[in-house]
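Readers should treat all values here as calculations from the given coordinates under stated rules, not as data from a laboratory. Being a predicted model, the structure only gives us computed values, none of them experimental. For neighbour counting, all protein chains shown are included, and Cβ atoms are generated from backbone atoms with ideal geometry for every residue, glycine included.
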Amino acid sequence: MQQDPGSTFELDESELEETFSRSAGPGGQHVNKVSTRVVLRHIPTGLQVAVQEGRSQSANRRKARELLREMILERARERKLAQQNEGEKKRRQKAIRPPKVKRRILENKRRRSETKARRKKSFSRDD
């Protein structure tokens, strides 16, 4: 199995904005009294993650960092793939068609044009 090149990517703490608030849902009195919900925002990209899965703030902080890291890596992969696709598209557009293929395409266009012209004549009415 090939290792992901972004697997060594680490979040820079100076680029993160972290806020805490009280969670909602199960967890009893603990989640009502302690700020266990973690909202983590990556300032350069504007991506934001909110985690309130556990009763522990430290566990939620770890989970938020994992999720944010995965989101940043996924966005980078998508950007790279889009660039590759764009390059492939340009390469295909610039490719020269073989003469035989070009002749066949033009022949099909001509035939289609004639068919449409015949239809137009048959539907024309002289009043």
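Some notes on this structure:
- Shape category assigned to the chain from the gyration tensor of Cα positions, a/c cut at 1.5: prolate
- Note on R112 and R77: with the Förster distance fixed at 30 Å, the Cβ-Cβ geometry gives a FRET efficiency of about 0.10.
- Annotated for the chain: lysine pairs at least 8 residues apart or interchain, Cα distance under 26 Å, count 18.
- Once the Cβ-Cβ distance of V34 and E10 is raised to the sixth power relative to R0 = 30 Å, the FRET efficiency obtained is 0.60.
- Debye, to nearest 20: dipole size of the chain, +1 on Lys, Arg Cβ, -1 on Asp, Glu Cβ: 2000 debye
- Helix axis angle, 57-94 relative to the chain longest principal axis, alpha carbon, degrees: 20 degrees
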